Structures are given as structure tokens and as C-alpha cells.
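Novice: My questions all concern the structure below.
The values are calculated or read from the model by the stated rules, or taken from the named source; none is laboratory data. Computed from a predicted model, the values in this text were never measured in an experiment. Here the Cβ positions follow ideal geometry from the backbone for every residue, glycine too, while neighbour counts run over all protein chains shown. Just the protein is used for accessible areas: all its heavy atoms, side chains included, with ligands, DNA and RNA removed. Shrake-Rupley method; radii C 1.70, N 1.55, O 1.52, S 1.80 Å.
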Amino acid sequence: MEPAGKRLTSSNFLFMGQNRSLDSSELKLLFELFAQRVFQAAYFVVRDRTLAEDVMQATFLVAMEKLGHLRDPAKIEIWLTRIAINKALNELKKRNTRVIFKNIPTTVGDPTEEIVLAEEEKEHLHKAIEELPADCQVIVYLKYFRDMTTKQIAYGLSIPEGTVKSRLRKAYDLIRQKLTKVRILGEVKYGATK
């Protein structure tokens, strides 16, 4: 339980872990603040609850050891997110698997042609995002799933804002190319014309 009158925020970690590892009570506070967000970042990549929980635990073990090296406590959330995404990607590499966006719940209802087509488009979009380079996936996740601005992403990842914008543009272009290719192949396959 935190002391009366003391609100738990990321700025509380300004003095915690400074040039040392976190003790168990500090790690518990860190976990309480950021576990859900770290889990979401890991799950975004691995799409497996058990593996995401393992990645989350590994992320907090790294945090326990390395928080003293974090120069700006305001970046703690994005720092943890980055660790979680990198660990998750490493786990997928070990398993030689890529599962981002698989098994996402789809619309339930009358399977009319429009719904089926929308689901197919959604599936193609998810597959295109899954095939992005890791640096672009991180930016897409932070931008569209964490609703961060390019300025916030740049600050959090310690990269220039122009780099964030260029990675978003690269991701957009790669996704558009994939979807255009799928659309053309679909038209040829089904004999559709516009």
C-alpha cells in the first residue's frame, strides 16, 4: 500500500532506481502502474496470452535491473513498451513465427456479402501490418493502437520526429502496395471488373 497522500505516478520513479536496481517493493509499484500496458504491447506482437505474460515478466525483470540507466523518468512507459515489443519479437524469432493480428475477433452477425468482404479486407490489412519491418510495426502500434502523436513517439523512442514520420510513411506505402496487389489478384481470381 502506498503512503497516505502519495500518488503513484511515473515521476515517482525519478528517484527510484537512480544508479541502482529496484528493490521488490519498487518493482511492485512499477508493475502496478504499467503491467496492463506492457501486456498489451507484448500481446500486440505475439497474439498469445501465455507468451505475452512471459514477455511481460521478462520486461519487468529487465526494468528491475536497468531502470537506473533511464535518464528521463517521463519516458518510462515507452521504455517499457519498447522492451516488451523487442522481447516479444525475439520470442517470435526463436519460434520462427510471426503471428501479429492473427485470431482477432471478427464481426458476428449475418454473413452478408458486405460483411464477408469487409472481413477479408480487414484480414488483408492485418497481414500487411504483420509483414512490416519491426521498426515500422513499433511506430504503427504506438500511433494507431496507443494513440500517440508523432511528437510523443519521437520523444519516447529518442528519435527525430522526421524519422517517425518517414517510418509511418514507409509503413503506409508498404501496406498500400500489399493491399493493391491483393485487390488486383482478387479481381483476376474472381473475374471482377471495376
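Novice: Please go through the stretch 130-151 and give me each residue that is out of contact with any helix residue (DSSP H, G or I) (no Cβ under 6 Å at 6 or more places or on another chain) and buried (at least 17 other Cβ atoms within 10 Å of the Cβ), ordered by number.
Specialist: Those that are out of contact with any helix residue (DSSP H, G or I) (no Cβ under 6 Å at 6 or more places or on another chain) and buried (at least 17 other Cβ atoms within 10 Å of the Cβ): Gln137, Lys143, Arg146.
Novice: Closer than 16 Å to Leu29 by Cβ and either without any contact (Cβ under 8 Å) to a residue 60 or more places away in the chain or part of a helix (DSSP H, G or I) (or both): is that true of Ile85 in this structure?
Specialist: no
Novice: Shifting gears a bit: Condition first: open to solvent by less than 60 Å² (accessible area, probe 1.4 Å) and part of a helix (DSSP H, G or I). Now tell me which residues in the stretch 152-172 satisfy that.
Specialist: Result: Ile153, Ala154, Gly156, Leu157, Gly162, Thr163, Val164, Leu168, Ala171.
Novice: If I filter the stretch 33-43 down to residues being farther than 17 Å from Lys94 by Cα and open to solvent by less than 70 Å² (accessible area, probe 1.4 Å), which single residue comes out as modelled with the lowest pLDDT?
Specialist: So the residue we want is Ala41.
Novice: If I filter the stretch 44-79 down to residues being among the basic types (Lys, Arg) and within 18 Å of Arg95 (Cα to Cα), which single residue comes out as most open to solvent (accessible area, probe 1.4 Å)?
Specialist: By that ranking, first place goes to Arg49.
Novice: Give Ile139, Ile175, Ile129, Ile184 a once-over and let me know the one that is part of a helix (DSSP H, G or I), at pLDDT 80 or above and more than 24 Å from Leu80 (Cα to Cα).
Specialist: Criteria check complete, one pass: Ile175.
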